[in-house]
Amino acid sequence: MCGIVGYVGKRSAQDVLLDGLEKLEYRGYDSAGVALALDGGIRVVKSKGRLTALREKLAAQQLAQSFCGIGHTRWATHGAPNDINAHPHASNDGKFAVVHNGIIENYMELREELLRKGYRFESETDTEVIVHLIEMYYAGDFRKAVMKASSRLVGSYALGIVCTDTPDTV
Ligand code: GLU
C-alpha cells in the first residue's frame, strides 16, 4: 500500500499532486498516475516505473490547467505492475476516476456481477470494481453513490475519487 493525494483549490492541481506524490515516494511504489478534472471531463495519465516517467508523460501532453485532481503511487497486489494496472481507473462512462490503496477481498464476485451487467474491465486489479460500482449506483448524487459502492466492499480501502459532475470535489 502506497500513497494517495487529492487536491481542489486555486493552484495547478497537476503541480500539487506531483509534489505530493514525490513526498510519498519513500514508501516505495511500482507505478504512479493522476486524474485531472479538465474541460468537463477527466484526464487520466499514468505510468509504470518512477515518478519521472509520469512527469515526462504529463510534460509531453501539455494539458490545460486543472484545479482538481487525484494522484496515486501503487504497490501492486492484484495484477502486474504495468501502465494499464496503474491507478487511476476510470468508469466506462468516463464520469469517475478512482485511486485506491489496499485490497478488495471480494473483488472476484463483484467483478463477475459487473461483467454480467455489461461493464467492461481494462485492468487486472481488484480496484477497478470500485469505479464500476460507483457508476452503477450513481443517480446524480456523488456522495451517495460512493457510500453505496463502499458498502459492497470487503477488505481495506483508502480511496480518492473524482466525478465530472462535481469538478470542485474530491
Ligand atoms: N490492490 C490495488 C492494486 O493492486 C492497490 C494497491 C496499492 O495499495 O497500491 O492495484
Residue check: is K10 surrounded by fewer than 18 Cβ atoms within 10 Å (Cβ to Cβ) and in a loop (DSSP other than H, G, I, E, B)? yes
Among the residues of the range 69-81, are any assigned to a strand (DSSP E or B), among the basic types (K, R) and either within 16 Å of the chain's Cα centre (by Cα) or at pLDDT 95 or above (or both)? yes
The condition of being β-branched (V, I, T), more than 10 Å from the ligand (Cβ to nearest atom) and within 24 Å of G155 (Cα to Cα) holds, among V44, V16, V5, V99, only for V5
For A86, work out the one condition from (1) surrounded by fewer than 21 Cβ atoms within 10 Å (Cβ to Cβ); (2) in a loop (DSSP other than H, G, I, E, B); (3) within 15 Å of the ligand (Cβ to nearest atom) it doesn't fulfil. (1)
Confirm whether A64 is more than 20 Å from L159 (Cβ to Cβ), more than 16 Å from the ligand (Cβ to nearest atom) and either in a helix (DSSP H, G or I) or charged (D, E, K, R) (or both). no
Wholly inside the range 89-168, helices (runs of 4 or more DSSP H) that include 1 or more residues that are of a type outside the set (S, T, N, Q) and closer than 21 Å to C68 by Cα are 128-137, 142-151
If I filter the range 45-56 for residues that are farther than 13 Å from H87 by Cβ and buried (at least 20 other Cβ atoms within 10 Å of the Cβ), do I get at least one hit? no
Condition check for G28: of a type in the set (G, A, S), within 16 Å of the ligand (Cβ to nearest atom) and at positive phi: yes
List every residue pair whose Cβ atoms lie under 6 Å apart, where the two residues are 6 or more positions apart in sequence or sit on different chains, the first residue falls within the range 100-129 and is in contact (Cβ under 8 Å) with a residue 12 or more places away in the chain and on the phi < 0 side of the Ramachandran plot, and the second residue, located anywhere, is charged (D, E, K, R) and not in a loop (DSSP other than H, G, I, E, B). V129/R111
Can you list residue pairs whose Cβ atoms sit under 6 Å apart, with the first residue in the range 73-94 being under 30 Å from G40 (Cα atoms) and among the hydroxyl-bearing types (S, T, Y) and the second being more than 6 Å from the ligand (Cβ to nearest atom) and not in a loop (DSSP other than H, G, I, E, B)? Count only pairs 6 or more apart in sequence or on different chains. T73/G3; T73/L21; T73/L24; T73/A32; S91/V131; S91/E135
I need a count of the residues in the range 125-170 that are among the polar types (S, T, N, Q) and crowded, with 20+ Cβ neighbours inside 10 Å. 2
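The values are calculated or read from the model by the stated rules, or taken from the named source; none is laboratory data. Remember, it's a predicted structure, so these values are computed and weren't measured experimentally. FYI the Cβ positions are ideal-geometry reconstructions off the backbone, even for glycines, and counts take in every protein chain you see.
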